[in-house]
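Nothing in this text is a laboratory measurement; each read-out follows from the coordinates by a stated rule. Predicted, not measured: the structure shown is a model, and the values here were computed from it. All Cβ positions, glycine included, derive from the backbone under ideal geometry; neighbour counts span all protein chains shown.
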Amino acid sequence: DTAVSQTPKYLVTQMGNDKSIKCEQNLGHDTMYWYKQDSKKFLKIMFSYNNKELIINETVPNRFSPKSPDKAHLNLHINSLELGDSAVYFCASSQSTGTGAVGELFFGEGSRLTVL
Amino acid sequence: AQSVAQPEDQVNVAEGNPLTVKCTYSVSGNPYLFWYVQYPNRGLQFLLKYITGDNLVKGSYGFEAEFNKSQTSFHLKKPSALVSDSALYFCAVRGRGGGNKLTFGTGTQLKVEL
């Protein structure tokens, strides 16, 4: 039973298109994240939601819009895709946030986006 | 701003030998420190973390890490490497303020050879 699942696993699309990646976690965690891993394997946080509330929003272009319908789901929609958006996008979840609360992140298997 | 440095892009070790993957960090106040491992085409898997207490932290698959506050380091170690340990290893740090922003290092590719 997969703890953090992302769909689709692979996504190939043309520049200018709009696409979405979905993420679901069944761990009962209250915090979810999107990370981007580029071709050099650098990992950078994009967004974090705690109980459906946006708490981290790094300097990500407005073309990226996260949406959390409930605390078990965090989707990522990308408008007007560009070549530089090609990367692996990882969803993750953890339990609790805030001072003194430290939960390790559980990652999904990643969604590899290729923009042509 | 918090940051993590992993000075070695790649570490090569013979199977059965001890391994060390280096990590140094920068953060305001006391840190929370983590190690993750990534196998090819997979997500990151949690190995171990330092929160407080004993500076030597034991984790999954026989790995351990030592927190050294004066050197701001958190090196990953294993007494006897296995070929199956070959993977990409990430160190990460988080400050003790609000939020849960985890900053990752650039990763170290570990190659264990027969």
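Structure summary
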quantity	calculated
Net charge over other residues, Cβ less than 10 angstrom from the Cβ of A:M46 (K, R count +1; D, E count -1)	+1
For B:I51, net neighbour charge (Lys/Arg +1, Asp/Glu -1) across residues whose Cβ lies under 14 Å away	+3
Estimated inter-spin distance, A:T2 and B:A5, nm [label 7 Å along Cα→Cβ]	3.9
Average other protein chain Cβ within 10 Å of Cβ, residues A:37-49	3
Projected label distance in nm at A:H73 and B:S60, using a 7 Å step from Cα toward the beta-carbon	2.8
Inter-label distance, nm, simple model (7 Å from Cα along the C-beta direction), B:T52/B:Q109	4.0
Sorted peptide list for A:49-59, A:67-77, criterion being average Cβ within 10 angstrom, highest first	A:67-77, A:49-59
Anisotropy class of chain B from Cα gyration tensor, a/c 1.5 cut	prolate
Normalised contact order of chain A, rounded percent, pairs of Cα under 8 Å and 6 or more residues apart	36
Region B:25-85 and region A:31-96: distance between their alpha carbon centers, rounded to Å	25
Local electrostatic count, A:C23, Cβ distance below 11 Å [Lys/Arg +1, Asp/Glu -1]	0
Phi to ³J(HN,Hα) by Karplus 6.51 cos²θ - 1.76 cosθ + 1.60 over region A:105-116, Hz, x for Gly, Pro	8, 10, 9, x, 7, x, 10, 8, 9, 10, 9, 9
